[in-house]
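As structure tokens, the structure follows; a few thoughts come after it.
The values are calculated or read from the model by the stated rules, or taken from the named source; none is laboratory data. If you're wondering where the values come from, they're calculated on a predicted model, not measured in any experiment. Here the Cβ positions follow ideal geometry from the backbone for every residue, glycine too, while neighbour counts run over all protein chains shown. Please note that ligands, DNA and RNA were not included when accessible areas were found on the heavy atoms of the full protein model with its side chains. Shrake-Rupley method; radii C 1.70, N 1.55, O 1.52, S 1.80 Å.
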Amino acid sequence: MRARAFTGTFLGLALLVTATAPLARAAEQPWVPVTDARLLGATADDGSLMYRRAYDSQGYAPFTQIDASNVANLKPVFTFKSGLPQGYEAAPIVNGRYLFFSTPLNHVVALDATNGAQLWTYERQLPPRTLRTVCCDVVSRGLAVYGDRVYMATLDDHVLAFDARTGHIDWDRELAPAGVGYSITSAPLAVNGMLIVGVSGGEYGIRGFIAALDADTGQLRWQRYTVSSARGGGGAWLTGSYDPVTRTLFWGTGNPGPWRGDVRPGPNLYTDSLLALDPQTGALRWYFQFTPHDEWDYDGVNETVLVDIVRGGKPVHALFHADRNGQFVVLDRTNGKFIYATPMVKTTGVIGYDPSGKAQVNPAARMVNGKPADVCPSAIGGKNWWPTAFDPTLGLAYVPVSHMCMTITAAELDERVSAAYLGSDFKLHPEPGSAGFGEVLAIDVATGTKRWSQPSRLPWCDGMLATAGKLVFSGSADGAFTAFDARTGAVRWTFQTESGIIGVPISYRVDGKQYIAVLAGWGGGVSMFGGPAADATANVPRGGQLYVFALAAPPLATVLAAPSPTAAPTTVPAPAVTPTIAPPAAAPTAAHLEFSAAQVSDGARIYGASCAQCHGAHLEGISAPTLRADDVADAATPTVGELYHVVSRLMPKSNPGSLTSQQAAAVMAYLLATNGAAPGASTLTPADAAASNQRYVR
């Protein structure tokens, strides 16, 4: 374990913490072992004990403290920067006051879940050859926790067991050699004293497998190959689900190798399939193939969500799976019997299923005699790995989908070990008729009916979190972390982070207080291979940061305090989007200043570039106090003139006094408008702003 300095913020106060000194604090934190019984009841646990919270993969937190009536008051409690610029796809894990998350390149961070105090960190020293055969960014999607240990699977094909309280490595097991095709990006799943994990590498000529390790010793309990041929693909690169009633493990498999289909006749079992396995032995009980003889990279690895629905007046123990091929598929989870499928996006490859569940494939979407073919969705998929969520009280699945198609052509097949094993080229283009590259859908799982949707101009590449407060949380490619109304899809709250969001959001409670957490850090497959969608996000800032929210806010009056001369300046770039001015509310009771709409527009641009990284794109406060007038309402608050002097002389913190007087006045106009004052015909002059005795309240 190597110590590393990270930067954290707690209610606007900058902290620099290291891995060594805080270890004494870790020993003082109570640790409750994560037993099999706790994992079986994980949905109701105050923590967030596994990748999708519970074995059913519903991504549903049964907490009601944060709901539509108060989510507007959700504020950052602390943030934590890791300093790595790649994609952050992980779901944090929480047990009591311990919060753990993994970063790109297999680092691990352990924090106090209530204030961000660092407990320990770990940095994996990956062999250079590892990254030769890692597809789609150097990501880690998370960790597992069991007993007194935290577990991580790595890009160089190891599984590590850490002492949860200290970060000491208790054991290290290698599953495959690095740099020859295999890698592991998924979070392990703890089941019955075992750690179950699947490998990645379908683009590099691997033979996919799923393995189970003894949680105490790391010894291999069983290993199941997903294909019969040595280079047949079938990676199992997302975390599975588990039904403790039937004692069945559900795990998806990826694309066949190579992509080009003329060299591998037949359906290519068991690629692009859902495998129902005996968790004790890995024996196959049944399977369902979503895409036979896949030529489009329609991996079937996406999460399998276990639900109970009513069909024809009868209860059904079902599962649903939103597939890369664009189909939303529902099966009987006790036997794999097909129930129904409905398209989520335009589908011209797999156009449906017959009553028995056999996929209906459009011949025109296949390459014939080397001729190109056009197909929807693209290799990005109708839905990629970004996990769905399900609200069991509403019966709704929340699905992040992608609207892209592609033209695919035959290419020379490179047979070398460690080379991309494709034999195809592809070029992406927007789905005809779509409103944008992304969309969030709510689907009634019992019927397949789409209940609401929220289209997105940019790709929507984040997982979903549903809560009993009837909210759905997810983040956008431009960094807007959003709470949707679970019933209607209406946007109830948005917070602008400092990078695009592809991390999986979670919720947890400590001492009765509900928290929401998410990792922001743009990257991943769409940023690299998304064609026009990648182009649309080219200016999204990079950087990794954990955000933790609760119903709390720092005091506004502290904005008058001069910045500490010893405080480290914030160096994270400003958000790539200009903050949106909230709809005007009641005008201030005091006589308000005149300012123009054009000046507000200028102020929004200046604020976004110079202020939002600390005070938040919506004035909510990130590493500096909130600037929302609603958060204070007494005579001790500053006047507009006092606040103007702070802005013009002391801000931005990284370069105080760099704003001109006209720019400072424009920022004040933006702040006033965002807090409810209506623009007029006149421009706010620096002299008027400086002389104003109007209180900064509504």
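Worth pointing out:
- Over the stretch 264-359, the reciprocal of the mean inverse Cα-Cα separation, the Kirkwood hydrodynamic radius, stands at 14.0 Å.
- For the chain, taking a cut-off of 4.7 Å between Cβ atoms, the unpaired cysteines are Cys461, Cys611, Cys614.
- Additional length obtainable on full extension of the chain from Ser658 to Ala538, 0.36 nm per residue less Cα span: 40.4 nm
- Residues with amide H under 5 Å from that of Val77, placed H, sequence gap 5 or more: Val548, Phe549, Ala550
- Here the convex hull built on the C-alpha positions of the stretch 114-160 has a volume of 117 cubic angstrom per residue.
- The alpha-carbon positions of the stretch 143-236 define a convex hull whose volume is 78 Å³ per residue.
- Amide H contacts under 5 Å for Met404: Ser378, Glu431, restricted to partners 5 or more places along the chain or on a different chain, H placed in the peptide plane at 1.01 Å from N.
- For Ala678 and Thr407, the FRET efficiency from 1/(1 + (r/R0)^6), where r spans their Cβ atoms and R0 equals 51 Å, is about 0.50.
- Rel. contact order, % - alpha carbon contacts under 8 angstrom, at least six apart, the stretch 300-440: 18
- As a length-normalised measure over Cα pairs under 8 Å and 6 or more apart, the relative contact order of the stretch 257-352 settles at 19 percent.
- Packing, as the average of other Cβ atoms within 10 Å across residues, places the peptides 481-494, 279-292 in the order 481-494, 279-292, highest first.
- Helix axis angle, 597-610 relative to the chain longest principal axis, alpha carbon, degrees: 60
- Computed over the chain, relative contact order equals 12 percent, with contacts defined as Cα pairs under 8 Å that lie 6+ residues apart.
- Within the stretch 218-262, backbone nitrogen closer than 19 Å to the virtual label 7 Å beyond the Cα of Trp286 toward Cβ: 241-253
- Under 19 Å from Lys81, Cα to Cα: lysines that are on another chain or at least 8 residues apart: Lys653
- Rolling a 1.4 Å probe over the protein heavy atoms of the chain, with every protein chain left in place, gives an accessible area that is 54 percent carbon and sulfur.
- ³J(HN,Hα), Karplus 6.51/-1.76/1.60, whole Hz, each residue of the stretch 115-128, x for Gly, Pro: 9, x, 4, 7, 9, 6, 9, 9, 10, 6, 9, 6, x, x
- Simple label model, 7 Å out from Cα along Cβ direction - Val180 to Ala37, nm: 4.5
- Sparsely packed GluC sites (Glu not before Pro) within the stretch 373-442, loop by DSSP, other Cβ within 10 Å at most 13: Glu412, Glu415
- Per residue, the accessible area of the chain comes to 34 Å², computed with a 1.4 Å probe over protein heavy atoms only.
- Annotation: lysines with alpha-carbon distance below 18 angstrom to Lys358 (same-chain offsets under eight excluded): Lys337.
- Length gained when the stretch Arg311-Leu650 is fully extended (0.36 nm per residue, less Cα-Cα span): 115.7 nm
- Globularity ratio of the chain, using Cα Rg and 2.2 N^0.38 Å: 0.97
- Seen against the Cα atoms of the chain and their longest principal axis, helix 661-674 is set at about 70 degrees.
- Helix 640-650 axis, angle to the chain major axis (alpha carbon atoms, nearest 10°): 70
- Ranking by accessible area, most exposed first, for Lys470, Lys450 with a 1.4 Å probe: Lys450, Lys470
- Full-extension gain in nm, Asn192 to Gln125, via 0.36 nm per residue minus C-alpha separation: 21.1 nm
- When each of Lys371/Lys450; Lys383/Lys470; Lys314/Lys513 is checked by Cα-Cα distance, pairs over 28 Å: Lys371/Lys450; Lys314/Lys513
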